[in-house]
Each structure stands twice: as structure tokens, then as C-alpha cells.
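The values are calculated or read from the model by the stated rules, or taken from the named source; none is laboratory data. For clarity, every value in this text was computed on a predicted model and none was experimentally measured. All Cβ positions, glycine included, derive from the backbone under ideal geometry; neighbour counts span all protein chains shown. The area values use the complete protein model at the heavy-atom level, side chains included, leaving out ligands, DNA and RNA. Shrake-Rupley method; radii C 1.70, N 1.55, O 1.52, S 1.80 Å.
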Amino acid sequence: MLDEDGEELRLDADEAATLLALTCDFDAATVSACPSCRSRVLACIALVDLLGDAPPHPRIPELIVLADDAPTLHLYVHDLGTPCRHRMWRDPGFVEWSEVLEEFADARRGLR
Ligand SMILES: [Zn+2]
């Protein structure tokens with residue numbers, strides 16, 4: 001999960017699976033999503049509400065902080081567990097998502 005500044009929260013596969021189950025795949029907070037994997041764009045405000053109502057999960061407090069501190073209204077989920085080229089994801093949300101992911105990948109390379 002990323003915000004536009006590249007602030008990052010990484011979940012392992014188990015954590016991601018339980019979190020997705022608790023939040024019904026973040027459905028209520030999803031602005032745009034890839035139909036073939038779990039990469040998606042989330043609305044921060046809706047996400048904080050959704051997490052506030054969800055059953056307890058060890059990573060939820062960190063996620064709420066990430067959503068609260070995000071510089072824009074959106075958070076970006078990158079599904080690292082599914083190899084996917086997102087070919088079926090065709091809306092403005094995907095353009096926004098890829099720009100943030102690309103920028104973040106560039107920043108990462110710059111650090112090395
Ligand atoms: Zn995808």
C-alpha cells in the first residue's frame with residue numbers, strides 16, 4: 001500500500017489475505033481496481049471509516065496512520081502476489097495508479 005509520497009506499508013501474504021477478508025476486499029473504499037488482480041486505488045477517508053468498523057487486525061492501526069497522513073485523497077494498493085499486467089484495467093484510476101507506482105519505483109532505484 002502506497003501513498004503518493006511513496007510512503008509504504010508492506011503486508012505479507014497472510015496479513016494481506018486476512019485483511020482483505022475482514023474488509024471484503026476493501027470494496028467500500030475502492031475507487032478503481034484491476035479486474036484480474038488485487039491492485040487498486042482506495043479513497044483514504046472511506047478506508048479509515050472501513051478500517052474503523054473492521055474487526056481487529058494487527059496491521060490496521062498502521063494502515064489508518066498511512067491513510068490519515070496521505071498527501072492526497074487516494075492510496076494505492078499494489079498486489080505483489082499476483083503476476084499481472086493489468087491489461088483489463090482500463091479507466092482513469094489505472095493511469096493514476098501506474099504513475100504513482102512508476103514514480104515510486106524510480107525513487108527506489110535512486111536510493112540504491
Ligand atoms: Zn492487475
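Treating r as the C-beta distance of residue 17 and residue 84 and R0 as 22 Å, the FRET efficiency rounds to 0.85.
For the chain, what is the convex hull (Cα atoms) projected area averaged across all directions, in square nanometres? The directionally averaged projection comes out at 6.8 nm². Taking the 1.4 Å solvent-accessible surface of the range 29-112 as the whole, the part contributed by carbon and sulfur is 56%.
Secondary-structure-derived ellipticity at 222 nm for the chain, considering helices only, amounts to -14000 deg cm²/dmol, per-run term -39500 (n - 2.57) for DSSP H runs with n ≥ 4. Taking only Cα atoms, what is the 0 to 90° angle, nearest 10, from helix 13-22's long axis to the longest principal axis of the chain? It is inclined by approximately 50 degrees.
The angle separating the long axis of helix 60-69 from the principal Cα axis of greatest extent in the chain is about 50 degrees. Average accessible surface for the chain: 60 Å² per residue, computed with a 1.4 Å probe over protein heavy atoms with every protein chain in place.
Does anyone have the angle between helix 92-111 and the longest principal axis of the chain? Alpha-carbon axes, 0 to 90°, nearest 10? The angle comes out at about 70 degrees.
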